[in-house]
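The values are calculated or read from the model by the stated rules, or taken from the named source; none is laboratory data. Bear in mind that the values here come from a model prediction, so they are computed numbers and not experimental data. As a convention, Cβ positions derive from the backbone with ideal geometry for all residues, glycine included, and neighbour counts pool all protein chains shown. For the accessible areas, the whole protein counts, side chains as well, though only heavy atoms, and no ligand, DNA or RNA atoms are used. Shrake-Rupley method; radii C 1.70, N 1.55, O 1.52, S 1.80 Å.
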Amino acid sequence: MQDVQRFKPPHSATTVAIVDAQWGDTGKGKFVDLLSGWADIIARGTGGANAGHTICIGDETHIFHLIPSGILRDGEGKINIIGNGVAVDPSIIRRELRVLREKGLTNERLMIAYNAHLVLPQHLVMDRIRESSAGSDKIGTTGKGIGPLYIDHVARIGLQVADMLNKDCFVRKLKRNLVDKVAYLRTFDSEIVRKVMSHDDLANGEFYNPDSIFTLEAIVAAYEDHAHALRGMIRDTDAFLRKSVGTKKILLEGAQGVLLSVDHGIQPYVTSSDCTLAGLTKGVGLTVRDVDCTYSIVKAFFMTRVGEGVFPTEFGGEDSAKWCGSKEATKVAEQEKYPNASINSTDTFEQGVAIRLQGAEYGSTTERPRRTGWLDLPLLRYAMQFSSKGLILTKLDVLDECEAIRICVAYKYLGKRYDMGEKIIEHGDEIRVAIPNNDVLKYGQPVYRDFPGWLCKISDIRSATDLPSKLVAIVAFLEAETGAKVVAVSVGRSREQTIAL
Ligand code: IMP
């Protein structure tokens with residue numbers, strides 16, 4: 001119970017949401033795990049296996065892609081829900097359940113929305129083929145089939161979880177679903193398609209057929225098997241959650257981050273679900289009005305992004321983006337190539353490498369190095385409009401040895417006149433709230449404010465009054481500049497390393 005006492009929602013709140021106010025990977029998993037001690041029900045409503053939620057308990061690290069992070073509260077009767085808005089890949093759910101069981105952590109109280117959309121092999125194939133043939137237009141997706149799945153959703157040709165339980169329905173919809181994919185894939189060299197479909201994630205070629213591209217029977221058989229394994233968990237979770245609002249403690253777990261939202265993120269470098277509070281509530285059958293308290297998780301005082309797209313404060317600028325997007329970039333390669341990279345280096349590229357290594361900023365889904373940069377307030381001011389002003393700052397301990405901390409307070413726009421209809425952005429304008437447009441932001445030159453670092457180890461601190469004054473001053477500055485209230489900070493990976501403010 002101690003961790004719940006250290007940080008818990010207001011007494012009157014029964015439905016609480018956790019949303020990431022950046023580009024994902026801010027450490028939501030830790031706070032979902034922490035608050036799941038408080039909650040009766042933990043529900044996810046967006047994204048899919050593109051997410052990787054990392055939780056550290058004792059010496060063990062757990063990474064979940066689909067199962068809500070509350071599953072670790074084994075034996076406490078918690079209900080974990082995969083809501084209607086989640087891209088459900090049954091093979092990944094089963095894999096995660098298997099790992100949990102092996103660790104003796106099984107919590108069978110998992111519910112899967114009968115109306116969530118199903119990730120099918122063709123979604124992974126389409127995602128990977130599109131990315132590999134997009135050249136400089138690639139998004140840098142995780143390859144988990146997310147974009148193609150949500151395309152099918154809005155094109156009204158997707159399959160839903162309950163279809164797995166009804167074979168006739170499944171086969172009819174599957175045939176319909178495959179038509180456009182097969183036509184598209186036939187435009188590629190068959191060897192490329194075969195190679196993509198031979199991947200481990202695609203059952204090592206089991207779904208491939210050189211003539212029809214997909215073996216219908218193999219897909220049907222695999223999903224029949226999934227249906228058999230998961231049928232006891234498939235439920236009307238929307239109805240269950242609506243009934244529970246106000247009577248049970250509900251924790252809504254966001255995925256990715258506001259800046260990656262398909263609706264409010266920076267197009268086209270976004271994921272394909274709405275990662276805002278509105279998207280999260282919709283994805284579990286609720287509305288924003290049902291939520292009593294929302295926390296926005298913010299990595300500070302640096303931030304990260306994975307994949308392509310603008311990143312105004314990136315350490316090392318384009319060189320970093322290029323390196324992090326290359327196939328050679330791995331943690332080991334970085335350690336070998338930059339053995340002397342320092343967090344206080346005057347070479348900002350090397351400074352970024354050092355922060356990445358210090359913060360273990362490598363994708364939990366793809367293991368890609370995350371691009372790193374200073375905290376960007378124009379982006380934060382923008383993102384808070386779609387999440388909340390109650391912030392939780394994470395990973396503060398990563399900068400313990402940093403002598404000078406920079407915060408981007410605004411951009412100076414150095415591009416051509418940009419016409420937005422009602423508003424025109426002129427060369428030289430100051431931008432204080434980011435405009436979610438890649439072509440505008442790439443000409444935003446960050447204006448920084450510098451602060452002296454706190455230069456001491458904070459990971460053992462457990463009380464707000466013991467935090468170094470230099471750190472407290474930066475937090476106060478952030479609050480004054482954004483109108484936000486920082487309600488907690490995280491000074492390490494474990495539940496105990498959390499300080500309520
Ligand atoms: P997709 O969601 O796999 O289609 O990828 C689209 C973009 O979102 C890419 O830039 C990914 O790197 C990014 N993305 C997707 N999921 C995550 C995540 O959990 N953390 C960080 N970035 C993500």
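Below, the figures for the structure above:
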quantity: For peptides 170-181, 270-281, sequence by mean Cβ density within 10 Å, most packed first; calculated: 270-281, 170-181
quantity: Kirkwood hydrodynamic radius (C-alpha pairs) into Stokes-Einstein, the chain, 25 °C and 0.890 mPa s, D in µm²/s; calculated: 105 µm²/s
quantity: Mean Cα-pair separation over length for the chain, i.e. relative contact order, pairs under 8 Å, 6 or more apart, %; calculated: 19 percent
quantity: S133-T330 pseudo-label distance in nm [points 7 Å out on the Cα-to-Cβ vector]; calculated: 2.9 nm
quantity: Accessible-area value, E336, 1.4 Å probe, nucleic acids and ligands omitted, Å²; calculated: 140 Å²
quantity: Rounded percent of accessible protein surface that carbon and sulfur make up, the chain, 1.4 Å probe; calculated: 49 percent
quantity: Set of lysines near K173 by C-alpha distance (under 20 Å), chain-local residues within fewer than 8 positions excluded; calculated: K181
quantity: Spatial separation of Cα centroids for the range 21-44 and the range 393-472, in angstrom; calculated: 24 Å
quantity: Positive dipole terminus of the chain, leading residue within M197, I139, T276 (C-beta point charges); calculated: T276
quantity: Mean-position separation - Cα centroids, the range 85-118 and the range 294-318, in angstrom; calculated: 30 Å
quantity: With all protein chains modelled, accessible area of D292 [1.4 Å, Å²]; calculated: 80 Å²
quantity: Relative contact order of the range 247-396, pairs being alpha-carbon contacts under 8 Å that are 6 or more residues apart, as %; calculated: 30 percent
quantity: Unsatisfied cross-links (Cα-Cα over 27 Å) in the set K167/K195; K337/K395; K138/K423; calculated: K167/K195; K138/K423
quantity: Helical contribution to [θ] at 222 nm, DSSP H n ≥ 4, -39,500 (n - 2.57), averaged over the chain, rounded to 500; calculated: -9000 deg cm²/dmol
quantity: Per residue accessible area of the range 110-198, 1.4 Å probe, in Å²; calculated: 45 Å²
quantity: Rounded to the nearest 10 Å², the accessible area of R235 at probe 1.4 Å; calculated: 110 Å²
quantity: Euclidean distance between Cα centres, the range 339-365 to the range 144-185, Å; calculated: 42 Å
